[in-house]
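Below: one structure, written as structure tokens.
The values are calculated or read from the model by the stated rules, or taken from the named source; none is laboratory data. Source: prediction; values computed, not measured. Please note: Cβ atoms are built from the backbone with ideal geometry, for glycine as well, and neighbour counts cover all protein chains shown. SASA here: full protein model, heavy atoms, side chains in, ligands and nucleic acids out. Shrake-Rupley method; radii C 1.70, N 1.55, O 1.52, S 1.80 Å.
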Amino acid sequence: MAKEKVTIQDIADALGISRNTASKALNDSGNIPDETRNRVIKKAIELKYKQFAYMDNEHVLTKAPGNIALLTENLPSTSHFGSLLISGLEKRISAEGYNLSIHIVREDDQDTLTLPNNFDIAKVDGIICIELFDLEYTQLITDLGIPTIFIDCASNICYPEFKADLLLMENEHSIYQLTTKLIESGYTSIGFVGDYNHCKSFNERWVGYQRAMLEAGLQVDLSHCIVDNDRLCFSKPGWLNQRVAELASLPSAYVCANDFIAVDLIRALKDRNVAVPKDIAICGFDNAPQSRIIEPALTTVHIYSNEMGIKTAEMLLSRINSPTQPYQVSHIVTKPIIRESTPAIMADHSQMVHSSAK
């Protein structure tokens, strides 16, 4: 049986002091007497608390750099929200003396439920998972017993059984608001494009869309929706074009699970000689750079990526320092952005802004 990791609470209990005092002493923060700090660090060494090392030649105690491992299926590109997110979290953990290492989880790793070759469990203090949506692989990671936070997760996660913290951008309410605005602007036939089983975020966006339709008394017409397994979208070039071409009829508007899908949908509709926004309105999600340069500019939802990175780091550092605290599921607010791809909403939005300025 693997030896259970020593925690700050173990050190505090051994010395008969509070966990807060032990934590401040180890991190050299707060007004802690030198005598107390030395006692805490000596006990940390005695118990083999792995973040500390004793430099015998100088008779001083120093904190060794910690290591945070980021596991991801794909390294985020500069246009992906994860790029800014990683930048924000790296700055935050560096300020606390941690190094960040990035490990790519290949498809073979997930199929065989094995960790990346360069991932050394003994040298990892915490784990950050981005875009790892396989439920079995998630279980493999959480069973390691290392403090872990997921940024988004599998759509079928059961929170009471999920042994990790989870951070999401707010998904449901922004899509609910956009869908409601479409309905209020006269779009009553609205479809959804995106695999709602792809991840928790896509699932929450699907829920927000459905809730808006239900509350407006409108039926979700699945014949207008494209909710197939999205692995087909990546494995088969032209797949979305084919699906759009197969639709017997089109709705007056589409809500898409993200901007990449929305941009591809606009191109697929163009191939069918359907003009956006003249013939059909389109919404996306993420506020990716493509959403601003495509014509027409895409109505979308802005994600505060850098702030999500900082929050990710803070949640993980808190878990490392206090591993027995209850797990957290947190959402960072998002903001709908109205652009030319939804002209009726844009007209209503502009009128409202003009009226409020009077």
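Model label sites at residue 87 and residue 17, defined 7 Å from Cα along the beta-carbon direction, differ in position by 4.0 nm. Angle between the Cα long axis of helix 305-321 and the longest principal axis of the chain, 0 to 90 degrees, nearest 10? Rounded to the nearest ten degrees, it is 30. Here the Karplus relation 6.51 cos²θ - 1.76 cosθ + 1.60, evaluated at θ = phi - 60°, turns the backbone of segment 253-268 into coupling constants of 7, 10, 9, 10, 5, 7, 5, 4, 5, 4, 5, 5, 5, 4, 5, 5 Hz, with x for every Gly and Pro.
Distance between the 7 Å Cα→Cβ label points at residue 112 and residue 75: 2.2 nm.
When the C-alpha to C-alpha distance is required to be over 30 Å, the pairs from 91/236; 5/91; 24/335 that qualify are 91/236; 24/335.
By the helix-only formula, in which each DSSP H run with n ≥ 4 contributes -39500 (n - 2.57) and the sum is divided by residues, the chain has a 222 nm mean residue ellipticity of -12500 deg cm²/dmol. Relative to the globular-protein estimate of 2.2 N^0.38 Å, the Cα radius of gyration of segment 90-165 stands at 1.11.
For segment 160-227, rounded, prolate or oblate, judged on the Cα gyration tensor with a ≥ b ≥ c (square roots of eigenvalues), a/c < 1.5 rounded, else prolate if a/b > b/c? Each step should come with its number before you reach the end.
On the way: a/c = 2.73, a/b = 1.84, b/c = 1.48.
Cα axes put segment 160-227 in the prolate bin.
Computed from label points 7 Å out along Cα-Cβ, the spacing between residue 99 and residue 295 is 5.0 nm.
Each residue of segment 107-115 is assigned a 3J(HN,Hα), and the resulting list reads 4, 4, 4, 6, 5, 9, 6, 10, 7 Hz, derived from the Karplus form 6.51 cos²θ - 1.76 cosθ + 1.60 (θ = phi - 60°), x at Gly and Pro. When GluC sites (Glu not before Pro) are flagged only if DSSP places them in a loop and at most 13 other Cβ atoms lie within 10 Å, the longest unflagged stretch of the chain comes out as 59-358. A Förster radius of 35 Å combined with the Cβ-Cβ distance from residue 38 to residue 177 puts the calculated FRET efficiency at roughly 0.05. Here the chain carries DSSP beta bridges of which approximately 20% are antiparallel, counting only pairs with both residues inside. Compared with the alpha-carbon gap, the fully stretched path from residue 121 to residue 144 is longer by 7.5 nm at 0.36 nm per residue.
Calculate I(q)/I(0) for segment 123-172 by the Debye formula, one identical point scatterer on each C-alpha and no solvent, and give its log10 at q = 0.14, 0.16, 0.31, 0.32 Å⁻¹ to two decimals. Rounded to two decimals, the profile gives -0.31, -0.41, -1.45, -1.52. Once the 1.4 Å probe is applied to the protein heavy atoms, the chain comes out at 50 Å² accessible per residue.
Taking only Cα atoms, what is the 0 to 90° angle, nearest 10, from helix 34-46's long axis to the longest principal axis of the chain? That works out to roughly 80 degrees. Mean projected area of the convex hull spanned by the Cα atoms of the chain, taken over all viewing directions: 22.9 nm².
Rounded to the nearest whole Hz, the Karplus-based 3J(HN,Hα) values (6.51 cos²θ - 1.76 cosθ + 1.60, θ = phi - 60°) of segment 65-72 follow the sequence x, x, 10, 10, 9, 9, 9, 8, with x at glycine and proline.
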